[in-house]
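Below is one structure, written out as structure tokens; the observations come after it.
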Amino acid sequence: MLSNACKYAIRSILYLGIQTDENTKVGVKRIADELETPQPFLAKLLQQLTKTNLVSSTKGPNGGFYLSQKDKENSVWDVIKNIDGTSKFDDCFLGLSTCSDNNPCPVHFIVSPFKQKLLDNFKDKTIAQYVTEITKTGKVISLKDFDILKN
């Protein structure tokens, strides 16, 4: 449902939320390495997120990217709007141009509540809340340090 760019952006913001603050900054190389994402692509995404005030950054020897307290009050929806826009949540699941509650496609009433629940969660939960949940539950945003057994 989300583009790779959007997925990388969300993961990087969550990573920054866990690892950084106004006094602790990280470079794009470290973020890309930790999240196993393409560094040049991630650099462009982080620049875009910085320009739209979703991520903070400083230049210089102690510079890098970080999330301020204000940045952590943004939502995942803010990131999605910035990277992918809102059309994926507005468009018909089957790609029909006139799908709505009044003129539904065959799967409209299955998909519509699912999309609405996702949308509500993305809008209502701050980055800070996601970070708290991740650190308390041990949820992962990267599989880098996991040994995945192959059969």
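The values are calculated or read from the model by the stated rules, or taken from the named source; none is laboratory data. Just so we're clear, the structure is a prediction, and the values are computed from it rather than from any experiment. All Cβ positions, glycine included, derive from the backbone under ideal geometry; neighbour counts span all protein chains shown.
Output the residue which, of all residues in the stretch 107-139 that are assigned to a loop (DSSP other than H, G, I, E, B) and surrounded by 11 or more Cβ atoms within 10 Å (Cβ to Cβ), is modelled with the highest pLDDT. Give the derivation first.
Initial filter on the stretch 107-139 (assigned to a loop (DSSP other than H, G, I, E, B)): 107, 125, 138-139.
Remaining after also requiring surrounded by 11 or more Cβ atoms within 10 Å (Cβ to Cβ): 107, 125.
Values: 107: 95, 125: 92.
In this case the residue turns out to be 107.
Answer with yes or no whether residue 54 is within 16 Å of residue 8 (Cβ to Cβ) and touching a Phe, Trp or Tyr at 6+ places or on another chain (Cβ under 7 Å). Can you show your working first?
On the way: within 16 Å of residue 8 (Cβ to Cβ): yes; touching a Phe, Trp or Tyr at 6+ places or on another chain (Cβ under 7 Å): no.
It is false that residue 54 is within 16 Å of residue 8 (Cβ to Cβ) and touching a Phe, Trp or Tyr at 6+ places or on another chain (Cβ under 7 Å).
If a residue has to be surrounded by fewer than 16 Cβ atoms within 10 Å (Cβ to Cβ) and not hydroxyl-bearing (Ser, Thr, Tyr) to count, how many in the stretch 89-106 make the cut? It would help to see each step written out before you state the result.
Pass one, the stretch 89-106, residues surrounded by fewer than 16 Cβ atoms within 10 Å (Cβ to Cβ): 90-91, 94-98, 100-103, 106.
Applying the additional criterion that residues be not hydroxyl-bearing (Ser, Thr, Tyr) yields 90-91, 94-96, 101-103, 106.
Selection size over the stretch 89-106: 9.
Identify, please: which residue in the stretch 1-38 is without any contact (Cβ under 8 Å) to a residue 24 or more places away in the chain and under 11 Å from the mean Cα position of the chain (by Cα) and is, among those, surrounded by the most Cβ atoms within 10 Å (Cβ to Cβ)?
7
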